[in-house]
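The values are calculated or read from the model by the stated rules, or taken from the named source; none is laboratory data. Just so it is clear, the model here is predicted, and its values are computed rather than measured. Positions of Cβ are generated from backbone atoms using ideal geometry, with glycine treated the same way; all protein chains shown enter the neighbour counts. Just so you know, the surface numbers come from the protein's heavy atoms only, side chains and all, with ligands and any DNA or RNA stripped out. Shrake-Rupley method; radii C 1.70, N 1.55, O 1.52, S 1.80 Å.
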Amino acid sequence: MNKHLLSSEDLTADDIATLFATAAEMHDVQRREVKKLPALRGRTIINLFFEDSTRTRSSFEIAGKWLSADTINITGKGSSASKGESLRDTVLTIASMGVDAVVMRHGASGAAQQVSQWVDAAVVNAGDGTHEHPTQALLDAYALSRHFGDGGRLGSLEGRHVVLVGDLTHSRVFRSNVITLTRLGAQVTVVAPPTLMPAGIASWSSSAGFATSYDLDEVLPKADAVMMLRVQKERMSGGFFPTSREYTVGYGLTRDRLRVLGPEVPICHPGPMNRGLEIAADAADAAQSLILEQVSAGVAVRMSVLYHLLAGEGTA
Amino acid sequence: MPATTEPAVGPPGRTVLDARDIARALTRISHEILERNKGHEGLVLLGVPTRGVGLAQRIAARIAETEGVTIPVGALDITLYRDDLRRHPARAPQPTAIPAGGIDQKTVVLVDDVLYSGRTVRAALDALADIGRPAVVRLAVLVDRGHRELPIRADHVGKNLPSARSERVMVRLEETDGLDVVRIADSPDAARPTEEVAR
């Protein structure tokens, strides 16, 4: 593995297998009375979040704490960034305090990559603009591997048909997911209305080997797993669809579509959900929904990532 | 590459224990464990991966033969508790499997292949403390090669093997390596002479 985790492209299939095997062991810690491992004792991790986040930030914070690292949260609001400090100055200031890792979320695509060139610490991209969110992709694939496995043992995603639906244009999760899932041998189809299909996706899909579609009802019966993506109203300026009702009719996981899907096909959503928009409450709360498993998987996967980036020799 | 059907020959070196020696040692250890515990009540065997796990299962099988009971066997990985994590590239932990009954108030017997510096056992004791509170913890090893760096000793030893620090002690077991043998050889790399470190 590289020193940083900036993009899902950084991880080979072998890296992912190692991370998952470690995550599976970390997962058991969540069921223990003493939720603490000493592996990162004496390491300091800064969670630097310039965008709002509940689950990613708390999940990284818990992951660091359970590995005995000191984790400190800095959010955009309430930091000197709101006084006009540049990203470079903020990051260099923090780095001067001797931190070992910076977990970063920023609204600008490529921000984590940029920061990794300024500091010695390991940088983990926890979401940069509409670019990537590699740990989310890892935890989604890990949650699916557990679902397709048996007991705690991880199953293979080889040949599984995973359908990603929703606001692809604004989704960093989708980009990372496609890379990670195809690397694990899954067959991926992404579905979106034409207005939310990223420009230039045709050349990427043909080189990376995944399919695109505008017709959810045609794809859904062939799915082994469905990932619903959030409609990112905060990134939308202008009309991408006429009304939210119309979006739901065309691309929402409604009660009717849930029936088509059947009771066996797992449903994922990276959260936060817009209930009633991209996913009906019936689907979100269905027995086959992995949404809460994704959250618990998130802690285990992030523990695994932090462990592999920070525990060994020559790190940070 | 030779065909996988060929019998495994194992590493070079002087053979210290052959398959029959290992079998006898494990039988004796099994009886010692029962004797010391005055029966099988409350016993839990935890093997330290990789090779301790297979040894723990063999001891449990022998106890099942003599006592007619199945005692809980598990695995306790110590990777995340090592004190030399920062001296090597990060290693993926191996599976830890605690038997369903847990370890609280039990007599836990840790099982490992080689006892050397004692650092693995130190890490295992830390790991145990995070999982529960056994009534008693004991240690069974196939080979004790000396050179302790911590105040730790084994309760049950298959063979005491005087060795030089520069030598390598190599344990190979059917489960993991396709044959049962313990050999000792001069280490080609004196800086990292032991299996215990190289694991």
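Look at the stretch B:82-91: the mean tally of other chain Cβ atoms within 10 Å of its residues' Cβ atoms is 6.
Rounded to the nearest Hz, the phi-derived 3J(HN,Hα) couplings of the range A:27-42 under the Karplus curve 6.51 cos²θ - 1.76 cosθ + 1.60 (θ = phi - 60°) are 4, 5, 4, 5, 9, 7, 6, 9, 8, 7, 10, x, 4, 10, 4, x, where x marks glycine and proline.
Protection proxy ranking of A:104-113, A:241-250, A:200-209, by the mean of other Cβ atoms within 10 Å over each peptide's residues and highest first, is A:104-113, A:241-250, A:200-209. For the range A:135-294, DSSP calls about 5 percent of its internal beta bridges antiparallel. Ellipticity at 222 nm from helices only: DSSP H runs of n ≥ 4 in chain A, each -39500 (n - 2.57), divided by the residue count, give -11500 deg cm²/dmol. Amide H contacts of residue A:211: A:188, A:189, A:190, each under 5 Å away and 5 or more positions distant or on a separate chain (H built 1.01 Å from N in the peptide plane; Pro and chain starts excluded). For residue A:174, the shell of other residues with beta-carbons less than 12 Å away shows a net charge of 0, using +1 for Lys and Arg and -1 for Asp and Glu. Summing charges over all other residues whose Cβ lies under 12 Å from the Cβ of residue A:234, with Lys and Arg as +1 and Asp and Glu as -1, gives 0. For peptide A:31-41, the mean count of partner chain Cβ atoms within 10 Å of a residue's Cβ comes to 4.
For the peptide A:16-28, the mean number of other protein chain Cβ atoms found within 10 angstrom of a residue's Cβ is 3. Cα centroids of the range A:1-57 and the range A:281-316: 7 Å apart. Here chain A carries DSSP beta bridges of which approximately 5% are antiparallel, counting only pairs with both residues inside.
Charge dipole (Cα centre; +1 on Lys/Arg Cβ, -1 on Asp/Glu Cβ; no other charges) of chain B amounts to roughly 420 debye. Each residue of the range A:212-219 was assigned a 3J(HN,Hα) from its phi angle through the Karplus expression (A = 6.51, B = -1.76, C = 1.60, θ = phi - 60°), giving 10, 8, 9, 10, 4, 5, 7, 7 Hz with x at Gly and Pro. The 1.4 Å probe gives accessible areas that order A:214, B:81, largest first, as A:214, B:81.
Scalar couplings 3J(HN,Hα) for the range A:5-21, obtained by applying the Karplus form with A = 6.51, B = -1.76, C = 1.60 to θ = phi - 60°, are 10, 9, 9, 4, 4, 5, 9, 7, 4, 5, 4, 5, 4, 5, 4, 5, 4 Hz; x denotes Gly and Pro. Amide H contacts of residue A:47 (H built 1.01 Å from N, in plane; Pro and chain starts excluded): A:72, A:73, A:74, A:103 sit under 5 Å, all sequence-distant by 5 or more or on other chains.
Shape class of the range A:238-312 from the Cα gyration tensor (axes a ≥ b ≥ c, square roots of the eigenvalues): oblate, since a/c reaches 1.5 or more and a/b does not exceed b/c. Between the alpha-carbon centres of the range A:136-209 and the range A:59-135 there is a gap of 26 Å.
Only helices enter this figure: runs of n ≥ 4 DSSP H residues, each worth -39500 (n - 2.57), summed and divided by the residues of chain B, yield -9000 deg cm²/dmol at 222 nm to the nearest 500.
Taking a ≥ b ≥ c as the square roots of the eigenvalues of the alpha-carbon gyration tensor, the range A:135-294 is classed oblate because a/c is 1.5 or more while a/b is no larger than b/c. Ranked by the mean number of other Cβ atoms within 10 Å of their residues, highest first, the peptides A:296-309, B:26-39 come out as A:296-309, B:26-39. Database remark: amide H of residue A:253 closer than 5 angstrom to the amide H of A:279, A:280 (H placed geometrically; neighbours at sequence offset of 5 or more, or on other chains; Pro and chain starts carry no H).
Please give the net charge around residue A:118, taking every other residue with its beta carbon less than 11 angstrom from that of residue A:118, where Lys and Arg add +1 and Asp and Glu add -1. Here the count lands on -1. Among the listed pairs A:77/A:233; A:35/B:106; A:3/A:77, those whose Cα-Cα separation exceeds 23 Å are A:3/A:77. Considering only A:243, A:56, A:283, the residue lying farthest towards the positive end of the dipole of the protein assembly as shown is A:56, judged by Cα position with unit charges set on Cβ. Would you mind telling me the antiparallel percentage of the DSSP bridges in chain B, rounded to 5? Percent antiparallel among DSSP bridges in chain B is about 35.
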